[in-house]
Structure formats: C-alpha cells, structure tokens
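Notes to accompany the following structure.
A short reminder: the numbers here are calculations on the coordinates, not readings from a lab. Remember, predicted model here, so these are calculated numbers, not experimental data. Note: ideal-geometry Cβ built from the backbone for every residue, glycine included; neighbour counts use all protein chains shown.
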Amino acid sequence: MSPPASDYALEVVNLNKAFGGLSVTHDVSLAIRPGERRLIIGPNGAGKTTLFNQISGDMRPNSGAIKLFGTDVTRFKPYTRAHLGMSRTYQIITLFTGDTLEHNVTLGLLGLRTSRWQMWRPLSYYGDLATQARRTLDAVGLLHLAERPISDIAYGEKRRVELAMALAQRPRVLLLDEPLAGLSNTERSQVKSLIASIPRDTTVIMIEHDMDTALDLAETVTLLNYGRVIVDGDREAVIADERTREVYLGA
Amino acid sequence: MKWIAAAVLTVVLALLPFLAGDFYVNLASQILIAALFALSLNLLVGYGGMTSLGHASYLGVAAYVCALLTSRYEFGHGPAAVISLAGTTAMAAFFGLLALRATGLGFLMITLALSQVLWGLAYRMSGVTNGDNGIAGLTRPRPFGVSLDNAASFYWFSLIVTSFAFLLMTIFVSSSFGSSLRGVRDQPRRMAALGFNPWMIRWITFIYAGFWGGVSGLLYVYYNKYIHPTSLSITSSAEALLGVIAGGSGTLGGPAVGAALVLLLKNYASAYIERWNMLLGLVFLFIVLVMPTGIVPGLGRLATAVRRGSR
Amino acid sequence: MQFWIIQGLNSLSLGGLLFLLSSGFSLIFGLMRLANLTHGAFFMLGTYFGATALRAYDGLNIWVTALGAGIAVAAIGGVFERLVLTRLKTNPLGQVLVTLGMSFIISDACLLLWGGDSIPVPTPQNLQSPTRVLGFVFPTYRLVLLGVAIAAAVGLYFLLERTRLGAMIRAGVDDGQMARAVGIPVSNLFTIVFCLGAGIAGAGGVLGGPILSAYPGLDADMLPLALIVVILGGVGSLLGAFIGSFVIGFTYTFGTALFPELSYIILFLPMIFVIAFRPQGLFGRLSA
C-alpha cells in the first residue's frame, strides 16, 4: 500500500483530546518534513507523551487528524501504523525482561514480517532474523551482551536496546519519548551519538523535558504547555523567543 | 536432548499395563485426560497470559455433542468426533470474541459467566441433555476396528492422543507465533507498536486452546461412557486451573504434573474425606499462599536451598 | 393482565434481591480490583443462617436476623480479607483463586452443617397476608423486599456520595496510588469495603430466604447472576449494579415464565450485547 506523495513526513492537524473537563491536547498542529530532527519540549504535564500516544495510536483523539506521509492514520491501530513505517520508544522501559538482548531485537524485527504468523517453524529457523538482530546490536555497541537477559544489563544499556529495537525496523518516522531520562553523563553521550547517527531517511521526533540536554540534536523545536503549542520553529528562533523563557521561568 | 527424554518417557509410560493392574491403568488414563485438559488451559494461562475460569466449556460441550450424536442420533464415532470438535472450536471462536473484549479480571469474569451459563443450560434443557440424570450408556469408538473397552487398550489410545497433542502444542509454543504470543503476554503495548496484532494473536490462541479442550472432552466421555452437567461446572474448570498453577504455568509439562497431582489427591482423599470441595479449596489457598509459582519450581527452589545449606 | 403484573412484581423483587447480592460485588471489584468469587457463598451463608434462626425461633424478626447474619458474614469476610487477601496484594490472579477456594470451603461447610436437603424459610408472619393494590393482589413480602433494596441503594448512595468514608472509597476507586499518596488508609478501606460487601450479601441472603430457600448450590446459582449484573452494569458503578439488577430481574423472570428451557440463554443475551458493544458495561468507567 503506497501512500500518496506529500511534503510532510508527519502532520498533526488540529488535534484535540480531553479527559472529562480537562483538556490535555488543545488544537495542536504540527508539520514535520522528511528527515527532520524535531524536538518537542515543555514542562511536566504539558501533554507531550499524550500527544505521542495519539500519534502512535495508543490513544484516540477526540477530534483532529494525524497524517503519515499523506495517509490519514487517525483511525488506524498502532500495529497498522508500525507497518506504515512508524516506530516509537517509551518513557518507561518496555523490554522483555526475561529474554536475551538478541531475542528482544529479533522480536522487534519479527513484527513486520509475515513469518510472525508461522505456527509451525521455530523462530530459530529464520537465520536472517538472527543475523540482522546481531547486526543491529553491533550498531549500538551491544553485541557482546547479545546472549544476556535484559534483567542483567544496566539501565543505560537497556535504553540503547530500546533504541536498537525501534531502529531495527528502519522506520520512516521514529518517535523517541524522553530517550535520555535517567541516564548518567557517559550513558547520555552514548545515546546522543546514537541518535545523531540515525540516517536521514528516518524522521526523528523527540520528547525531552530537559531543554539543554537534547537541544543540540534538534533542528526544529516545538514548545508545548497545557496541551497547546506555544512556539514552533527553528531551534534558534524558539530559544530566542520570549514565550519560551516565560514558560520555563514562570512554570 | 529433550526429545530423547520425552521419547523415553513415552515408552516407559506405554509399559504401564504390563506392570500394573487394571485399577492403576484406568487411573493413569484419567490422569492423561486431566493432563491434556490442563495443558490446553495452560496455552491460555501460561503462554498467553489469559486466565480463564471457563475452560470446562470446551470439555463439556465436546463431550455432550458426542454423547448426543452417538446415542440419540446414531452417528458413527468418526463423524461424531469431527462434528463435536468442529462445533466446540466454533464455540471457542465465538466465546473468544466476547471474552477478549476485556483483559485480566474482566476476561476471567466473562469466561466464568459464559461457562456457568452452559452449565445451567445443561441442567435446564433436560429435554436435550437429560438434565441432572446425565447421558449414560455411551460407547467407546473402535479406531481401525480395535476395541477400546479394556483398560489397557483405552490407556494406549489415550497415551497416543495425549502424546500427539503434547507434540503439537510444543511445536505451537516454540514457533514464531508462540514467541509473538509470549511477547503479547509480557508487553502487549510494545508488541502493538512493533507491528503485531495482539487481539488476533490472543484470539487464535483462545481457539486453539478450546480445540484441545474439546479433544480432552472426547477422551473424557469415551472413558466414562457417561456425561453429566458437573463436567461443565466451575469446579471442573477450577481443578484444571489448580493443576496448571500447582504444576507451574511456566513450562509445557508442569501443568500435566499438576493435573496428575490434583487427580491423585482427589482419588485418595475422597476415600477418607467426604468433602472433596473443601479440601480443594484449602489446597488452592495453600498453593497460592505458599507456592505461587507452582510445585515444580517450588521444589526446585527447595532443592537449591538444601544444597546450599548442606555446604 | 394478571400474569404480566405478577411477573412484573416478581421481576422487581428479584431485581431487588440481585441488587443486594451484586452491589457488594461491584463495590469490591471497583475498589479492590478483586473479582470476589466468594460472593455467592457469602449470600448462601446468610440464607442458611436466616433459615436456621427463623425456624428455630418462631416470631423472630427477619430484619434483626438479616442484620445479625450480615454482621456475622461481614466478620467472616473481614478475617478472610486480613489473613489471606492482604498477603496477595501483588498477585491479583492469586487473589481471585483464593476467593474461589474460599467459596468451595464455605459451600462444603454448609453442606456439612446443614445437609443436602433444601430448607424452606418461612415468610415473616406479619407480612404473610397479601396486599391489595388497585384491585390486584400482591404477595406483601415481595413488595417489602423491593422496598428494602431501594432503601439499601439509597443508603449506599449516601454513604458513597455524602460521607467522608464514601469520598475516600471513591478516591480509592478512581486512583488508588494517588489516594495512598494523600494519606488515605487504603488498606483499611479495603477491609471495610470487603466487610461491607460481604455483609450486604449475607443480609440479602436472609431476606432472599423466603423466596429462594436455603439449598446446597445456591451459591453457584447466585454467583453467575452477580457476574452478569456487574458485567452488564459496569464495574464499580452503584447505578450500574442497580439498573443491571433490574434488567436481569426482568429478563430472567419473564424468560423463565415464557421460555423455561431457554431462560439461561435469555439471561445471557443482554450481557452479550453489552460485551459486544460496550465492554465497560452500561455505566462502568474502566475495563479490568
């Protein structure tokens, strides 16, 4: 299913979401071009993860649209969006803790293959999956831990596995939810260089609430507060904007 | 390596009729049937992460349909078995649609409610099911003309069916679909984000588990030559669940061991205690409070502790 | 016409009884996220207590008996909750399984204590003569039962909406973690709610005695009804339990009267519709 051509990799059009009387996403619109590195920032409770959840399909908006390379995916389930090239990581580590690193990445690769429905042959039959998984782990510098269970490795290494799983599928749009949270300085620079090395055919959208750490990875920035878009534009412009200072100092 | 162990075990089990009398052989047949039932439930509980308290639905429906077709409508055993299994599997598909509208406790409640309704129907629709009298006077099939009426031949028949079922279930859980199933059990949201369809994976597993539940129902009705609404009761589902938990839901073979233990307990205890249900309840409390991951892992831990202590 | 009126009243009184049975179940599930499979047994225990007391002491007031049985069952429930359920906080499946085990223990204990025969419960003397309304004759007891159920519903409503305890319970239902964080003694609340639920079931059992009789298997007959009411009405919702009880009361009564063999399927149908189209129940806020 090839989507119609479009200028934008991801478009969010007038998105609204409210819980009871509380509006968590208010008339949010975004236009992100292919290959762009977009940073979404905002204080705690600004609605950043809620926005991500609606983009990835984990949550249904009340109104508005989400378009992936021109295709309206607003009504699509998360797994359908994955098949259209969307991938995401979560704030909380959601890895398969009892399994090895290799198994985790292999599952990540299996999701887009028809062989995931195979009820006869074991996973080990698909040698190319294992090879690709190991290659992916190598790309994030974790090949030496491939046989270890997730529960055995450090937090920073888990974050890199998360990233590896999301990248393994060569997504067209990658959503990273606070990828640097809870990392030590060394771990942070490792993950940052990983993110910086993501190829241009993947559009990267990142949430961070700590503005300084992620700013150098971003080309464009969107500032959210109380579910609304406050400022949106090139990095330098947003930094210089008075409203940005207001949000962070006034908060 | 595991295959060799399994093959050896099967051969050893096959020798039982030469080593023991009819009473024990019959007991072993009952164990095989209970084990198959528990194994089918464990596909849902252990591998799928879906705890059902209504699994007796599939055992009971398959048993009743077979009983009715062979006794009242004079079907041959072959066609009766096919129709029973087809009907049970279709029912599993339908029940799955309903039950999977929820997860966790909601799922449990729906499976329980559905099974209780079937149980009530079995009692009330006495025109069809003979109500509290059950349907008696049934016969066993004659596969390839071989009579299953004596203990040994029925035992071997059950052994063949159960081993075959175990083999197929092993293939199922080791397949890539099986890996997806376990992934959905552990992190359904993550799996959806990776491109898997959690609902479909669960539904297919539900149907497959229902199918094998139906097979155990056929063995059950062949063995007993009688069927009664109690086989659809919550006690029936609960005994299987206890077997799964007692044996440990984490392994493929654990539930078989657990089911064997529950059956043996039931057999021996009822000789001394009239109130089996009360004992069953107490065993439930004991297992859940003291050995929640099951006897097999619990004993394993005990063994490790003893080894460490003796150093 | 007489038929419809009589069946209508029977539906209302059954609905009332179901409310007494299922309101506790719904509350316990809503607050403690626990599907209390012992609930049918609690109800049955009340019926047996009531049967014994009312047959032994002629002229004993049924309301007092109901209150007494309610307290007794609540106490049993409380002990069970403190000794067993609190140890299984991290094991929700285990909690369900022990309530199942407990239901087996209670039902077999009843069999042991009261034997296998059905024990009819006498309708209280002062409510035995029928009431005449608009030219129709109604069994008074059923009318009173309906009244009691409505009173219980109002009482529970006041408890939940107008008292501090109720506010804490509602906070616990909406967001347990947050409630703990603001200092609400959630663990004690759990015990209180469990006792309350069990107690209402026990009292309901006494009041249901004249209509149902005490018999082994009453618990297994009542539990699925409670489940269906709560699935239909939505978990944790008092209004859902109320409306659901009467929907089932009507469906079951008319179903049994018109199509006796299919009454269980007819009972089943509203639940199927609700599960298919609105899985959180008519008034529920969350799916388990």
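Figures for the structure shown
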{"item": "Helix-only mean residue ellipticity at 222 nm for chain A, each DSSP H run of n ≥ 4 adding -39500 (n - 2.57), per residue, nearest 500", "result": "-9500 deg cm²/dmol"}
{"item": "Quarter of Cα convex hull surface for the protein assembly as shown, i.e. mean projection, nm²", "result": "42.6 nm²"}
{"item": "Computed over chain A: relative contact order in percent, which uses C-alpha pairs under 8 Å that are six or more apart", "result": "28 percent"}
{"item": "Charge dipole (debye, nearest 20) of the protein assembly as shown; +1 at Cβ of Lys and Arg, -1 at Cβ of Asp and Glu", "result": "500 debye"}
{"item": "Chain B: calculated mean residue ellipticity at 222 nm from DSSP helix runs of at least 4, using -39500 (n - 2.57)", "result": "-25000 deg cm²/dmol"}
{"item": "Qualifying GluC sites (Glu not before Pro) in the range A:99-205, DSSP loop, other Cβ atoms within 10 Å at most 13", "result": "A:E147"}
{"item": "Mean Cα-pair separation over length for the range C:1-80, i.e. relative contact order, pairs under 8 Å, 6 or more apart, %", "result": "19 percent"}
{"item": "Label point at B:A20 placed 7 Å out along Cα→Cβ; residues across the range B:238-273 whose backbone nitrogen lies under 18 Å", "result": "B:256-271"}
{"item": "Charge sum, other residues only, whose C-beta stays under 10 Å from B:Y47's C-beta, Lys/Arg counted +1 and Asp/Glu -1", "result": "+2"}
{"item": "Most mobile listed residue (B:L68, B:L36, B:L44) in chain B, GNM with C-alpha springs under 10 Å", "result": "B:L68"}
{"item": "Positive-end residue, the protein assembly as shown charge dipole about Cα centroid, Cβ charges, pick of B:L302, A:W117, A:F19", "result": "B:L302"}
{"item": "Low-density loop cleavage sites - trypsin sites (Lys or Arg not before Pro) in the range A:162-238, where at most 14 other Cβ are within 10 Å (DSSP)", "result": "A:R200"}
{"item": "Check: the range C:2-277 dipole with +1 on Lys, Arg Cβ and -1 on Asp, Glu Cβ, in debye", "result": "580 debye"}
{"item": "At R0 = 60 Å, FRET efficiency that the Cβ-Cβ distance of C:V137 and B:Y272 yields, to 0.05", "result": "0.65"}
{"item": "Between the range A:25-99 and the range C:105-168, the Cα center-to-center distance that results, in Å", "result": "53 Å"}
{"item": "Whole-number percent relative contact order across chain C, with pairs defined as alpha carbons under 8 Å at least 6 apart", "result": "38 percent"}
{"item": "Helix-only [θ]222 nm of chain C, DSSP H runs n ≥ 4, -39500 (n - 2.57) each, per residue, nearest 500", "result": "-25500 deg cm²/dmol"}
{"item": "Between the range C:9-40 and the range A:107-164, the Cα center-to-center distance that results, in Å", "result": "48 Å"}
{"item": "Rg followed by Dmax, in Å, when the range C:238-281 is reduced to its Cα trace", "result": "11.0, 31"}
{"item": "Whole-percent pair-distance distribution, where bins are 5 Å wide, for the alpha carbons of chain C", "result": "1, 6, 12, 17, 19, 17, 13, 8, 4, 2, 1, 0"}
{"item": "Equivalent-ellipsoid semi-axes of the range B:2-231, from the Cα gyration tensor, Å, largest first", "result": "31, 24, 13"}
{"item": "Lys pairs, the protein assembly as shown - Cα-Cα below 17 angstrom, 8 or more residues apart or on other chains", "result": "4"}
{"item": "Cα-centred dipole magnitude for the range B:143-268, charges only on beta-carbon of K, R (+1) and D, E (-1), debye, nearest 20", "result": "400 debye"}
{"item": "The range B:43-112 - Debye-derived log10 I(q)/I(0), Cα point model, q = 0.19 Å⁻¹", "result": "-0.74"}
{"item": "Area projected by the alpha carbon convex hull of the range A:95-170, averaged over all directions, nm²", "result": "4.7 nm²"}
